[in-house]
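Below is one structure, written out as structure tokens; comments come after it.
The values are calculated or read from the model by the stated rules, or taken from the named source; none is laboratory data. Here the structure is a predicted model, which means the values were calculated and not measured. As a convention, Cβ positions derive from the backbone with ideal geometry for all residues, glycine included, and neighbour counts pool all protein chains shown.
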Amino acid sequence: MYGRLQNLAYSALAEKELKQEPSNFWEEAWKASLWKPCADRKESKKLGQPDKNNGYIMVSANGGLNQQRVAICNAVALASLLNATLVLPRFLYSNVWKDPSQFGDIYQEEYFVNVMKDEVNIVKELPSHLKSLDIEAIGSLITDADIVKEAKPIDYLTKVLPLLLQNGVVHLLGFGNRLGFDPLPARLQKLRCKCNFHALKFVPKIQEAGSLLIRRIRKYDAAQRMLDKQLVGEFLPGSPSKKHDSERGPSKYLALHLRFEVDMIAYSLCDFGGGEKEKRELQTYRESHFPLLIERLKHSKSISSSELRNLGRCPLTPEEAALVLAGLGFKRGTYIYLASSRIYGGKSRMLSFTSLYPNLVTKETLLTPSELAPFRNFSSQLAALDFIACATADVFAMTDSGSQLSSLVSGFRTYYGGGHAPTLRPNKKRLAAILSENSTIGWNSFEDRVRNMIEEGQSVFIRGYGRSIYRQPRSPECMCRTH
């Protein structure tokens with residue numbers, strides 16, 4: 001789609017190799033280092049758990065790894081709001097993710113309960129006198145249809161608390177994005193942060209594989225970063241244990257979350273240059289997987305692919321992602337960890353990317369089949385490995401800022417990165433405007449505009465009203481600013 005720009009990028013990268021000029025985007029703005037983690041700080045006046053317990057909250061969370069992580073921490077805040085005991089959340093089986101993993105398969109249960117014990121009582125199961133109850137029959141089953149998205153505390157106090165007081169238990173089924181960010185008492189925001197950034201530790205099996213994954217990509221410096229320690233725990237090596245490990249990779253790497261899976265691009269209704277064959281494939285997929293979308297399209301005005309792209313609604317292609325990285329000055333030899341499910345179009349679709357950046361690795365190429373075997377058929381556990389590799393990368397780049405993985409990873413990097421964990425967020429609408437000049441724009445102009453776009457997305461600011469505290473933890477309830 002962008003042959004001319006690809007050629008300009010190739011020439012520019014070759015020139016940079018000769019000049020040995022590093023990209024400025026390996027570093028964050030100095031203002032980022034002024035914010036420090038403090039969601040686990042001890043209060044001068046210890047609030048503790050309330051004396052009165054109004055009952056038990058059960059949560060069965062839907063979605064994949066990252067949606068479920070948000071649901072867990074929202075459930076912690078909700079239990080505190082309602083003065084209730086939280087039963088360790090369960091994960092619903094999804095026909096999309098097809099992963100039967102439960103909480104204890106991914107996170108350390110005892111650690112989670114212990115970290116939160118001063119604020120919220122968490123138990124592994126209901127007491128015996130409540131186990132025999134038919135939750136639905138007594139009216140205590142609450143689905144996502146009963147609670148609006150990003151509901152406010154008053155919604156739970158008026159709709160859920162009376163049921164809790166009456167029956168002693170409520171079961172929230174789905175609980176997808178069902179607690180808003182504002183207005184919310186500061187103590188509940190702090191609980192969310194403490195849960196997400198301190199209480200949820202991956203199980204040793206995942207930590208060990210994650211540590212191995214990172215060591216296969218890069219050398220470890222003697223200094224151990226807080227990010228790495230938080231994610232891989234005791235499996236963080238001070239230095240490579242084997243000589244071949246130390247010779248395999250560079251000292252730095254960039255992680256890229258490239259959202260270009262068939263479900264996403266089919267749902268977008270955009271054209272990706274694959275001709276009639278691609279159009280037929282995506283339409284067939286839509287008819288099979290998105291019947292509600294097909295029905296809606298019958299009764300709405302159609303929008304052309306070019307209009308969708310100009311509005312910033314089209315997923316970035318691998319080619320576009322590579323052009324952005326080239327525009328930011330990342331060298332051709334940069335090691336890039338690719339986090340994604342199956343890229344639509346496979347290797348042929350990735351050719352435009354690997355022609356500019358050949359050092360592309362994934363968890364499947366870095367780990368042996370036997371090392372990956374314990375995670376096969378467990379998509380959430382595999383996603384946890386991607387989470388670790390992305391969060392601990394020297395630079396993290398995303399192509400879709402709406403992705404839950406990208407959101408949580410960028411928040412984790414903000415919280416623990418100490419101002420040394422840059423994240424790159426392209427503005428798809430602005431990028432579309434730049435790329436629309438593909439046939440005429442000069443490379444210097446392309447570079448300037450892409451860099452300005454990314455720099456604006458890296459501005460250091462306090463979380464705005466209604467914004468996710470998981471993604472933007474620079475907030476008094478979550479982080480402390482030093483002077």
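Quick one: what pairs do we get from the stretch 102-116, first residue farther than 16 Å from residue 62 by Cα, second part of a helix (DSSP H, G or I), C-beta under 6 Å, 6+ apart or different chains? Within 6 Å, the pairs are 112/199; 115/198; 115/199; 116/199. Inspect the stretch 313-334 for any residue being out of contact with any Phe, Trp or Tyr (no Cβ under 8 Å at 6 or more places or on another chain), aliphatic (A, V, I, L, M) and part of a loop (DSSP other than H, G, I, E, B) and give the result as yes or no. Taking every residue of the stretch 313-334 in turn, none turns out to be out of contact with any Phe, Trp or Tyr (no Cβ under 8 Å at 6 or more places or on another chain), aliphatic (A, V, I, L, M) and part of a loop (DSSP other than H, G, I, E, B).
Taken together, 157, 184, 133, 172 contain a single residue that is part of a helix (DSSP H, G or I) and among the aliphatic types (A, V, I, L, M), which is 157. Say we look at the stretch 386-407 and pick out the residues that are within 12 Å of the chain's Cα centre (by Cα), part of a loop (DSSP other than H, G, I, E, B) and not polar (S, T, N, Q); which of these is nearest to residue 216 (Cα to Cα)? Per the stated criteria, the residue is 400. Counting the residues of the stretch 413-469 that are more than 23 Å from residue 30 (Cβ to Cβ) and touching a Cys at 6+ places or on another chain (Cβ under 8 Å) gives 3. In the stretch 98-109 there is no residue that is assigned by TED's automatic domain parsing to the domain that holds residue 166, over 30 Å from residue 205 (Cα atoms), in contact with a strand residue (DSSP E or B) (Cβ under 7 Å, 6 or more places away or on another chain) and in a loop (DSSP other than H, G, I, E, B).
Could you say whether any residue in the stretch 143-151 is acidic (Asp, Glu) and within 27 Å of residue 38 (Cβ to Cβ)?
Yes: the stretch 143-151 contains one or more residues that are acidic (Asp, Glu) and within 27 Å of residue 38 (Cβ to Cβ).
Considering only residues that are under 18 Å from residue 69 (Cβ atoms) and in a loop (DSSP other than H, G, I, E, B), which ones fall in the stretch 82-97? Listed by number, the residues that qualify are 88, 89, 92, 93, 94, 96, 97. When the residues of the stretch 403-447 are narrowed to those that are at pLDDT 95 or above, surrounded by fewer than 22 Cβ atoms within 10 Å (Cβ to Cβ) and of a type in the set (Gly, Ala, Ser), which ends up nearest to residue 388 (Cα to Cα)? Checking each candidate, the answer is 407. Looking only at residues that are in a strand (DSSP E or B) and not β-branched (Val, Ile, Thr) in the stretch 335-361, which one is surrounded by the fewest Cβ atoms within 10 Å (Cβ to Cβ)? The extreme case among them is 360.
Every condition in (1) surrounded by 17 or more Cβ atoms within 10 Å (Cβ to Cβ); (2) in contact (Cβ under 8 Å) with a residue 40 or more places away in the chain; (3) part of a helix (DSSP H, G or I) is met by residue 382 except one, and the failing one is (2).
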